[in-house]
Every structure is written in structure tokens, then in C-alpha cells.
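Written below as C-alpha cells is the structure these notes are about.
The values are calculated or read from the model by the stated rules, or taken from the named source; none is laboratory data. Everything numeric in this text was worked out from a predicted model, so none of it was measured. Note that each Cβ is placed from the backbone with ideal geometry, even for glycine, and that neighbours are counted across all protein chains shown.
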There are 2 protein chains.
Amino acid sequence: MTAGRRLKHWGWGYEDQAPTAAQLAEAGAGIRARFGFGGEARAAVPLEEVEVRPPRLRRPEAFGDLFSDAKYERVSRALGKAYRDIVRGHRGEFEHPPDLVALPRDCSEVETVLAWAEAEGAAVVPFGGGTSVVGGVEARLGDRPAVTMDLRRLDRVVEVDPTSLAARIEAGATGPRLEGQLRERGLTMRCFPQSFEYSTLGGWIATRAGGHFATKETHVDDLVESVRAVTPRGTWESRRLPASGAGPSPDRLLLGSEGILGAITEAWVRVRPRPEWKAAATVRFERFADACEAVREIVQAGLDPANCRLLEAAEAGLTGAGDGTSHLLLLAFESAHHPVDEALRLALDAAASHAGAGDAPRFTGDGGARSGGAAESWRGAFLAAPYLRDTFVCCGVLSETFETAITWDRLEELHATVVDTARRAVAEISGAPREGRGAPLVTCRFTHAYPDGVAPYFTVLGPAIRGGEVEQWDEIKAAVSAALIDAGGTITHHHAVGRDHRPWYDRQRPAPFAAALRAAKAELDPAAILNPGVLLDP
Amino acid sequence: MTAGRRLKHWGWGYEDQAPTAAQLAEAGAGIRARFGFGGEARAAVPLEEVEVRPPRLRRPEAFGDLFSDAKYERVSRALGKAYRDIVRGHRGEFEHPPDLVALPRDCSEVETVLAWAEAEGAAVVPFGGGTSVVGGVEARLGDRPAVTMDLRRLDRVVEVDPTSLAARIEAGATGPRLEGQLRERGLTMRCFPQSFEYSTLGGWIATRAGGHFATKETHVDDLVESVRAVTPRGTWESRRLPASGAGPSPDRLLLGSEGILGAITEAWVRVRPRPEWKAAATVRFERFADACEAVREIVQAGLDPANCRLLEAAEAGLTGAGDGTSHLLLLAFESAHHPVDEALRLALDAAASHAGAGDAPRFTGDGGARSGGAAESWRGAFLAAPYLRDTFVCCGVLSETFETAITWDRLEELHATVVDTARRAVAEISGAPREGRGAPLVTCRFTHAYPDGVAPYFTVLGPAIRGGEVEQWDEIKAAVSAALIDAGGTITHHHAVGRDHRPWYDRQRPAPFAAALRAAKAELDPAAILNPGVLLDP
């Protein structure tokens, strides 16, 4: 947290980044003109007017400023950053504020928080950047009091091993905090989820965040060398190793555990020198099926581009990466060691063999030019999207995303079914036309690609039902989630499970694995204080 | 199992591959001349003379030939393939033969075996190729009767998805069985552990086997798309996905579970077209430290060679890959899609910058020549090593290996400490000179390399204490294992834990993870029938 600058108590970013009333009104008119829905701007309920339940836990005095019961601290951590969270925050509805917020400075204070909460019969919600889009940080616990434990004070790069290219980093470090400290050593972690500005290393590990690389090292899982977590039954610290075959991987049980087994306090992660050579190009396709085949050939060839994002024509138009007439494949290679022109040439050849028309490749390194064009437009839109969503919410626009992964053989069917289900559900539930002006938009991009499949990511825009946004979206979400699971996909490729994905996650995971996870949790957290309701029933 | 051909009841390979008495005597003389120890050839106790405890379980008649109590079936599955196993088998000592051997043909028969064993109070040892080198298949269970469940009848490639490049394969398929079936489709899994000829897909998954690739996809873990296992509390079947972020990975909990959570019956694995282009070269180094730096640069550059095996001079001499005067780096790249000459050139440039002298690169594809030279010599020695070990055992030579992984920053110290500890321990415990003629050999190679570290693999040859081989090796093993763990390494990079690595595995793994694993097992296997004593106390 930058000193003197506060995060908004609802929505994305800092308080000083909120649009003015005039800006909102202008945005609303623009939205209406472009989409044919939304437009009437309503300001968010200011913090002063928010009514929040009094804390049901008395702040312990013995621990100095470790615990806080201040309204801002509680309200700003009451919700995640899903559409259904933004909507409620905008309306000033914070149904499940934590009773206390804990801000530990070190592992010992993390232990203190867990021990105190266990003694009080309270639950603990580990909290990183609070950017969960799946209800992962909302303490929906009925009568049970809750402490949200925000780890942002643990934000240091503690140690760097330049020989092995690894760094020991505290879990509360946000993307910019850890990259800033690594940059001083000429290094980078290159884990850039969309939430990068606010989310934290611990949050990435707990939710198996998707990062910078579209191929190979797609998840933070691949960058983790060892993890340290505090559990109610002691410290879980794995050995720092490049690889091991000694039993099931302890790290892989913490990766994706979403705070239910322990609070991650630090990790050794793999870092690398900053890339010096880059080669990038954009390829246009008339037919989506051709573009899919091009991506498949590129990843099955083992070319492993850093960027290999395929944007459907409509998505390309929406984000300004293209004019909406062609599907766009954004390709980029990078290396800190050697030029990557040859890899790009091979990928462009592969794309051309599937009727892809590449633009002039852009190279950096050895005095070449910076990358730009569609990729830069897209990157800008990608990072701005969460800010823009706040504006959409103010202006009565339903704006949400969902994502999955599927093997190549089932992609066409999943894509067709899911897009059709989503378009139908959004139109019907929102009372909007299915086609023409005012029709909802459902667009798709591929965020990550694998030799055996791909991760499709869907964006939904439609008219919000004012006052009924949560129910409206929940109904749409249920329809598309069922379609994803029925078509063989995963309920999430990199958005985690939280509380919102539970019904479909329960269908997806093997029953004996659920039983094993439940038993593991009961062993490590017998009082069930850690993030109850996430992954397992509370 | 090839019809009409039986595996040896002890040692490596088929009965018809055993050397004759004359061949053994000649080998013994050669060994003595070369190493200055060993030499006196003793034949193995033939099966007819082996005395084996009568079965403590009565073979159930109701299930046809599902269960066997035949002597050969029991004896040939009583031990794994560690040195301490080969020695005991050679002597005709089979202390813990399974009481029955089960040979299920399908999942339903696997369920039958588990249910029957649970009702009888018997343990079940899942068995693939029986090539465990860590006591993973030896039923050291005191008075508790045991059924060894051999899955070799489940050996089919059931389904191939040529679009996603994946195949559904039954767990009992050996390397040659599954590769033979894939070859008919122009595909290959390219998982080639040293035990490839006999070990099985299910065994690879249960033990996180190391495969063909020296970089990136080093373990079978990376090739697994989904797994099916039968547990005493139902079937564990994960969804077939290229990737997922939905909770901790179920597959990663089965990978390395060594049969204690369930019996793996099949898996979807990633396959690929057979490589068409290959580029290989051998690089000589005078100084081992330079060779390490070369490997580090190559992997940190992201060049990802398929082969990147560094042989210490002595190891190169031992295997015939070199004359023993230089350290050798075997480099190879391969692709089914495009020439890889450029990648090899970059790797050779990196090696040259660390004083490595490369020989003339060899290329295949586009009409080029086959690879050969040191790499071929080494590969031949690699696959022959387990056969040769039987001969060593007959001739009174201690012959064993151990391995680890370590980050680059701690490699030099680990290597020095471990080699010194091993040389000292072997000499002292064996009563051999530390240097000169008759001194034991301890040599090292790197089997796998990572951006953040490497997997050193050690080979030990020395004079066996006839009749006391097991105690002799156990004492040496304890010394080197303690050295590995004290130096920060893992007790195993790809040999699994079994029963033999337990004391050091227990030191390595986080205590809360051990508790979680114990709880998961108790939930899935409440009667503790599955491979008791492996990974956890029985």
C-alpha cells in the first residue's frame, strides 16, 4: 500500500482513481451509444453512508495494532472483485464484513492471529490483494465471527540467489512490490496475472494464478521452488529443491489450497534475468477454426511462445486490438540469452499454413524496435479492464468473465455450446434481444495454450437488471458453469474455486480426492478456523 | 510378459538372459583385472532350491485364476531390484514373499482383490514391473499376510486422441508394450526410465519416474493428463484436462503416492509424434566446474535440450562413453516439427564459453546421419547396467547407485561432501584401500538439469563383503543419505521413497504435510491394506 493512498472501499484501484460524476455521465452516454444498453450513471454509495454490522469480536488490546476494527479496514476487505462483489460494493451492501482485520508483520504474528482466533471460536480468512473473483475472501459464515488476516505487511524480497535464479519472497508482496525489488538485481519473476497491481505472491500460490507465459510455465505452480505456511498445527515448510520425487509434492497440495490448510507466509520462487530479445507479430485469420489449428500446431511443435493469445474477432474489436473483422493471434517470443527471431519465423510459417496473415514482425534487442501494434493495444485493455468494469457497474452494464480449459478434441463443441448457452442465458435473463442493437456480447479469447488443449476465456457484456444484478448474474453463471462442466471442461483454469464455484467444483473433482482433502484439513485445522466454506463445506 | 518367456525369479530380465557358468567365470576374471576387487563367480541359488514360507492365506477358489499361490509367482515378486534385493535373491533368501499373487484383468477385478484382502485382514502391495530400488514392493509386514497385486494384465493402449496428442493407457503396460502400441499410430510417449523394458505406466506414476527428457518434462508428472485409481473407498478418476486451477491438483496427490492411497489402473498421458529432426554433440571439459557452468547456462537460457547429461570423467570411462580423461556433456535436441540445428549451435556456443570443446555435431532428419559416438555408447551402457549388476553380484562386487537434486548455489558443496562421504564409507566399511588399485569407485553424472539446479546421480562400485552385503550397503547408504539431506538435497529425485528411504524422507518432508498425508490415507484406506510401511508407518 502506497503511504497516504488508500484503496477504494469497493471496486478496483485507489480512491483517487475513481471517475468524477461528469466523467461517469460521459462514459454512460458512450456506453449506450456503443452497446445499445446501459448508460444511466449512478454513483457508488460513499463509505460514510455505508452501514456496517458492529464487530462481534472485541479487538484484543494486548497485540498493539495487530488487529483493527476500523470501518474502512473492515469494509474494504468484505468483498472480493467479482462482478457480484463490485455491484454490491457500489450499492453499499457489505453483508459479511470481517469482525476484525489482522495485519501481521511476521510469521510469529500470523501464529498469534491463528491461535487467538481459534481460542475465540472465530474463523480466519487469509487475504492477499483481495482480488478474488470467486468469493474466496468473503466471510459468508452466518453467526460465526471472522478475522480477515491481510498479509500485505509481509512484502519483502528477503533473499536472492543469483546463481540458481531464485528468490525468497514474503507472501504479502504485490506484483509491483516484488518486481520492483527484483528489478534492482536485474531479475524478474514474470508472473503477471490481470490482478498484478494489487494481488500478492501468497494469493497467487493459494489460487494457482495464471501468469505471463501463454505456454509451458502458465501457472505460478511452475515458478514455486518451496513454500512456507503457518497451519494451526505448526509450520509447513518444504525444502528448497529444483525438483524431487520424494512422495507426493507437498507444494502441490498447498498450491490451490485457497487458505484452507494454512496461511502462506513466504516462498522461494524461480526468477530470471529480464528479457533482452523479443520478437512479436500479429496474425489475422478469417476463420476461427483455422486460427485454432494454427495455435495447436505452434504449441504441439514445442515452439513455446511467451505470448500466444488468440482473440476472437469480436473480442479483438472490443479491446481495440483489432477492428473486429478478423480473429487475431498475438505471438511473442522472448529471451534474456539469445535472439528469438527464428522461433517467431517458425511460428509464423505454421500460422501461414493455416491461412493466417502475419503482419511485419517486430524485434527488440540488439538495437531493434520495441513491440507495439495490436499486442500493445490488447495489453493496455487487459490491464484497464478491471477499472473499466467499475464504470460499467455504475452505468448499469453487466460485465463479467469466466474461463475454462479443454483438450483440443473437444474444443469446438465446448466453444459452440458455451457461447450459445451464454448468449441465450444473458439475453433471456436480462430481457434483451439475442441479436442486433442492444444484444448482449459474449466474446472469447484463448489465454493459455498447451500441446493437448487450450484455455478459453469468455467475456460477457449485457444490460444489468438494476437492483437485481447479483441474482441476474448468478443465474447466468449457473447456466454457463453447467455447460462448461457438461462439455468436459474445468470450472476454472486460473480463477480458483472459492465459494462461488463450489457446486461445479464438487462435480469435477474425484470423490476420493475430496474425502482426502477433507481429512487433511481436519487434521491440520481441527477447529476449522481457516477460510471455512472454500473448497469444502464449512 | 512375452508368452512362453519367464522373468528371472531374481535379478534383471528374463530367465534366458542369464549368463552361463563359463561366461560368469570369464566376467569375474575381467572384473578382477579391471577393478582390483571382486572376481570369484558364484551362481545364484536356483528356484528349485529356494525355500519359501508357505502361504498364510488360502487361495480363494471363487475367482478362477485371479489369485495364485504358485512358488514362482510368489518368489519372483518378493523383492524389488535394489542391490540389497539382487543380493538376497541371488542367495535364495526371500524373507517376505507375498502369500498370494493377484493378477487382475480389469478394474472390477482390482476392486475384488482389495475387497477380498480387506475382509481377510491382508495387505495389498500394488506391483508394476517390480523394479523398485527402494523396497517399495517388498511386503515387510511381520505377521500380517500380504497379497501382491500385479497389474501386468492391464496392458492396453485403450484409446488415442491424435488431435490433442494424448492416449488412455492401462497402468500395467510396460514401456515396450505401450510404445509398441503407440508406434502403430506414429506416436510415442518418450518416457524412458532406465527400467523401461520392465516397468509400467502405473509404476511410473506411483513413483514419479524420471523419463527421457533431461530438461523441462523430466518426470512422468508432466506427461499425465488424468489418472484413474481404485481406492478401498471408491474410484478416484480425475477429469481429462490440459491444465486446471480448480483446487489442489488431485493428480499430484496420486503422483508419488507409491500405492498407499489407491491402485492406479489407467491414465490419460500426453504423447507426441516421433521426432524427425535430431541434433547431437558431445562436449569435453577439463574442469568439472566449467562443465557445471556450461549446463547452468544452457538450461537458464531456456534452450531445453532433450539430452543434457554431464558425465564426470570417471563415469564416462566406466560406461565407455569416454576414455576417462575428460568430463563429457552429451547434448541432444529433437523435434517432430522443425530442424533443431540452431538450438544445438547456441548450446555449443554456451559450452564453448566455459572452455568446452565440442565434437562435430551430428544431425538426423532431412536425410542426415544417425546420431552416434559417446551418446550411443552411453545409452547402451545405461540400458545394460541393470543386467551387468547381476553379474557384479555373482562376482562379489558391490554395485549400487543413489541420486538427489540440489539448487545450483549448493551444488559444489553437496557434490564434494557426498563423494567424499561415499568414498570414505565404502572403503572403511568394505575394508578396501581409499586410493590406488582395489579402491572403490564413486562416480557422478547429472541426469536432469533445471534453471535452478541439477540432479546428480552417483554410482558406487566396490568389493562386496560376501554374506554381509546387505548390512554393508545399508551402512554405506545411511552415511550417504545423511550427507545428502544435511547438504540440502532431496533423498530422491526419481527413485521414490519406498521403505528404504523412509528415515531421510521423514526428515525432508514438512511435518504438517506428513500429518495431512496420514489423514488422507486413513480416510481412503481405513483398514490400512495398501502397501503399509511405504511413505508412512504401517
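What are the residues in the range B:515-538 that are assigned to a helix (DSSP H, G or I) and on the phi > 0 side of the Ramachandran plot, if any?
Residues satisfying the conditions do not exist here.
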Out of all the residues in the range A:459-488, which are more than 21 Å from the chain's Cα centre (by Cα), within 14 Å of chain B (Cβ to nearest Cβ) and either surrounded by 24 or more Cβ atoms within 10 Å (Cβ to Cβ) or at positive phi (or both)?
A:Gly488
Filter the range A:113-153 down to residues that are hydrophobic (A, V, I, L, M, F, W, C) and in a loop (DSSP other than H, G, I, E, B) and give me whichever is surrounded by the fewest Cβ atoms within 10 Å (Cβ to Cβ).
A:Leu141
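Rundown of residues vs (1) closer than 24 Å to B:Arg389 by Cβ; (2) more than 27 Å from the chain's Cα centre (by Cα), yes/no style:
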{"position": "B:Ala33", "(1), (2)": "yes, yes"}
{"position": "B:Arg42", "(1), (2)": "yes, no"}
{"position": "B:Glu49", "(1), (2)": "yes, yes"}
{"position": "B:Arg56", "(1), (2)": "no, yes"}
{"position": "B:Arg59", "(1), (2)": "no, yes"}
{"position": "B:Ala70", "(1), (2)": "no, yes"}
{"position": "B:Glu73", "(1), (2)": "yes, no"}
Within the range A:518-527, how many residues turn out to be at the interface with another protein chain (Cβ under 7 Å from one of its Cβ atoms) and either over 28 Å from A:Gly234 (Cα atoms) or in contact (Cβ under 8 Å) with a residue 24 or more places away in the chain (or both)?
3
Starting from residues that are touching a Gly at 6+ places or on another chain (Cβ under 9 Å) and not hydrophobic (A, V, I, L, M, F, W, C), keep the ones in the range A:18-38 and report whichever is farthest from A:Gly129 (Cα to Cα).
A:Gly36
B:Pro512 fails exactly one of (1) facing chain A (nearest Cβ under 7 Å); (2) in contact (Cβ under 8 Å) with a residue 24 or more places away in the chain; (3) touching a Phe, Trp or Tyr at 6+ places or on another chain (Cβ under 7 Å); (4) part of a helix (DSSP H, G or I), namely (2)
Within the range A:286-327, considering residues that are crowded, with 21+ Cβ neighbours inside 10 Å and of a type in the set (Ser, Thr, Tyr), the one modelled with the lowest pLDDT
A:Thr319
Can you tell me which of B:Pro451, B:Pro463 is closer than 30 Å to B:Gly130 by Cβ and either at pLDDT 95 or above or in contact with a strand residue (DSSP E or B) (Cβ under 6 Å, 6 or more places away or on another chain) (or both)?
B:Pro463
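Just for the range B:240-268: of the residues that are of a type in the set (Ser, Thr, Tyr) and within 7 Å of chain A (Cβ to nearest Cβ), which one is surrounded by the most Cβ atoms within 10 Å (Cβ to Cβ)?
In this case the residue turns out to be B:Ser257.
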Among helices (runs of 4 or more DSSP H) entirely inside the range B:287-378, those with 2 or more residues being more than 23 Å from the chain's Cα centre (by Cα) are B:288-300, B:341-352
Would you pick out the residues in the range B:489-503 that are of a type outside the set (Ser, Thr, Tyr), closer than 21 Å to A:Trp236 by Cβ and either within 7 Å of another protein chain (Cβ to nearest Cβ) or buried (at least 24 other Cβ atoms within 10 Å of the Cβ) (or both)?
B:Gly489, B:Ile491, B:Val497, B:His501
Would you check which residues across the range A:145-165 are under 26 Å from the mean Cα position of the chain (by Cα) and farther than 20 Å from A:Ser199 by Cα and list them?
A:Ala146, A:Leu165
From (1) within 14 Å of chain B (Cβ to nearest Cβ); (2) at pLDDT 95 or above; (3) out of contact with any Leu (no Cβ under 7 Å at 6 or more places or on another chain), pick out the condition that doesn't hold for A:His338.
(3)
Within the range B:205-216, how many residues are touching a helix residue (DSSP H, G or I) at 6+ places or on another chain (Cβ under 8 Å), crowded, with 22+ Cβ neighbours inside 10 Å and more than 8 Å from chain A (Cβ to nearest Cβ)?
3
Which listed residue, of A:Arg59, A:Arg42, A:Arg53, A:Arg32, is basic (Lys, Arg), in a loop (DSSP other than H, G, I, E, B) and farther than 16 Å from A:Gly89 by Cβ:
A:Arg59
Can you work out which of the residues in the range A:154-177 that are in a strand (DSSP E or B) and under 18 Å from A:Gly262 (Cα atoms) is farthest from the other protein chains (Cβ to nearest Cβ)?
A:Glu170
Among the residues of the range A:407-423, are any of a type in the set (Phe, Trp, Tyr), closer than 17 Å to A:Leu461 by Cα, within 14 Å of another protein chain (Cβ to nearest Cβ) and in contact (Cβ under 8 Å) with a residue 40 or more places away in the chain?
no
So which of B:Ala289, B:Ala313 ends up being of a type outside the set (Phe, Trp, Tyr), more than 24 Å from A:Leu303 (Cβ to Cβ) and free of Cβ contacts under 8 Å to residues at least 60 places away in the same chain?
B:Ala313
Do the conditions hold for B:Gly356, that is, is it more than 14 Å from chain A (Cβ to nearest Cβ), on the phi > 0 side of the Ramachandran plot, modelled with pLDDT of 95 or more and buried (at least 17 other Cβ atoms within 10 Å of the Cβ)?
no
For B:Thr404, only one of the following conditions fails: (1) of a type in the set (Val, Ile, Thr); (2) crowded, with 22+ Cβ neighbours inside 10 Å; (3) at pLDDT below 95. What is its number?
(3)
The one condition B:Arg272 fails out of (1) farther than 30 Å from A:Val534 by Cα; (2) more than 8 Å from chain A (Cβ to nearest Cβ); (3) at pLDDT 95 or above is (2)
Any idea which of (1) more than 24 Å from A:Ala449 (Cα to Cα); (2) β-branched (Val, Ile, Thr); (3) within 22 Å of the chain's Cα centre (by Cα) is the one B:Val220 doesn't satisfy?
(1)
